[in-house]
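Q: Take this structure, written in structure tokens, and hold onto it; I'll ask about it next.
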Amino acid sequence: MIEVRELTKRYGGTVAVDGLSFEVRPGTVTGFLGPNGAGKSTTMRVLLGLAAASSGEALVNGGRYAALRRPIREVGALLDAGAVHGGRKAFDHLGWIARSNGIGSRRVAEVLERVGLAGVARKRVGGFSLGMRQRLGIAAALLGDPGVLMFDEPVNGLDPDGVRWIRELMRALAAEGRTVLISSHLMSEMELTADRLVVIGRGRLIADTTVRELAARF
Ligand code: ADP
Ligand code: ADP
């Protein structure tokens, strides 16, 4: 489960996140929706211990990221899919992450299969399209079989088949009982993917609702 309580994050004079509160429950996909610059990535970065909160709290499974006993087993994330070292082969990239976390190579093969990259496991990441990099980043997030998953704009750079694939994967992960938070700046991407929507603008909560409730207003 994810709990964000009165979270504020400032970068100098910029308030990236401004008193934001919301929860994401197990077994659901929550769409984290807002225009570019709204504070979605920053919120995820604080949840993942990559940025410190200015005030408030961002908790995963009841604790701060830094306090999790086995982080990779509890939470997985896709943040910046472009940022993979291109010289490595897909299998070796994941193998390195797995090894440094005590995860066996059989699991690497499993996650590559799950994201549809088994056929290019021995190819260098440098030749991958953005969509393939997104899949590789998702595979990395799944390595530790975590109950909590965060994906920052995973649909960026995907063709319609890729978008459909992401939607089905998100639904499957929730059906497995996982807690899924997925960000997007496009409402149209979220309506078939998410159960709930947390909509933010300028770091503040605009709406926290179910997709069904929102659809009923149109
Ligand atoms: P989103 O993910 O919704 O596009 P971000 O969380 O990336 O939004 O950004 C929220 C605001 O915080 C923006 O105004 C952005 O410029 C600012 N911001 C994000 N990261 C930093 C940083 N490391 N230093 C300074 N400002 C930042
Ligand atoms: P520490 O927590 O050891 O003081 P950090 O660099 O992790 O050091 O955090 C710096 C500050 O940001 C601390 O004052 C801490 O309270 C706060 N902080 C970090 N992560 C979180 C979080 N997930 N929720 C709330 N506050 C946080």
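Q: For Lys123 paired with Glu176, estimate the spin-label separation in nm (one decimal), with each label point 7 Å from Cα along the Cα-to-Cβ line.
A: 2.4
Q: Further question: About its Cα centre, how strong a charge dipole does the chain have in debye, to the nearest 20, once Lys and Arg get +1 and Asp and Glu get -1 at the Cβ?
A: So the magnitude is around 660 debye.
Q: Which lysines have a Cα less than 21 Å from the Cα of Lys9, not counting those fewer than 8 places away in the same chain?
A: Lys40
Q: Calculate the spin-label point distance for Arg202 paired with Arg69, positioning each point 7 Å from the Cα along the beta-carbon direction, and give it in nanometres.
A: If labels sit at Arg69 and Arg202, their model points lie 4.4 nm apart.
Q: Name the lysines eligible as straight-distance cross-link partners of Lys123: C-alpha to C-alpha under 25 Å, and not fewer than 8 places from it in the same chain.
A: Within the straight-line cut-off, Lys123 pairs with Lys89.
Q: Relative to a virtual label point 7 Å from the Cα of Glu168 in the Cα→beta-carbon direction, which members of segment 86-116 show backbone nitrogen distances below 19 Å?
A: In segment 86-116, the label zone of Glu168 (backbone N under 19 Å from the point 7 Å along Cα→Cβ) covers 110-116.
Q: Compute the FRET efficiency between Ser100 and Ala52 as 1/(1 + (r/R0)^6), taking r as their Cβ-Cβ distance and R0 = 25 Å, and round to the nearest 0.05.
A: Taking R0 as 25 Å, the efficiency between Ser100 and Ala52 is 0.60.
Q: What residues from segment 31-45 fall in the zone where the backbone N is under 17 Å from a label point 7 Å along the Cα-to-C-beta line of Thr14?
A: 34-45
Q: Rounded to the nearest 500, what is the 222 nm mean residue ellipticity of the chain from helices alone, with -39500 (n - 2.57) per DSSP H run of 4+ residues and division by all residues? The partial results should precede the final answer.
A: Numbers: 8 runs with 71 residues, N = 218.
Calculated at 222 nm, the ellipticity per residue is -9000 deg cm²/dmol.
Q: Can you give the local net charge around Leu214? Use residues other than it whose beta-carbon is closer than 10 angstrom to its beta-carbon, Lys and Arg +1, Asp and Glu -1. Kindly include the intermediate steps, with their values, before the conclusion.
A: Working: positive: Arg196, Arg212, Arg217; negative: Glu191, Glu213.
The answer is +1.
Q: State, in angstrom, two size descriptors of the chain derived from its alpha carbons: Rg to one decimal place and Dmax to the nearest whole number.
A: Considering the chain through its Cα atoms, Rg and Dmax are 16.9, 50 Å.
Q: Separate question: Restricting to Cα pairs below 8 Å that are 6+ residues apart, what does the relative contact order work out to for the chain? Please round to a whole percent. Walk me through the numbers on the way to the answer.
A: Numbers: 441 pairs, mean separation 68.6, N = 218.
Taking the mean separation of contacting Cα pairs over the length of the chain, I get 31 percent.
Bear in mind these aren't lab numbers, they're just calculated from the coordinates by the rules spelled out. Remember, predicted model here, so these are calculated numbers, not experimental data. Counting neighbours? That spans all protein chains shown, and the Cβs are built from the backbone with ideal geometry, glycine included.
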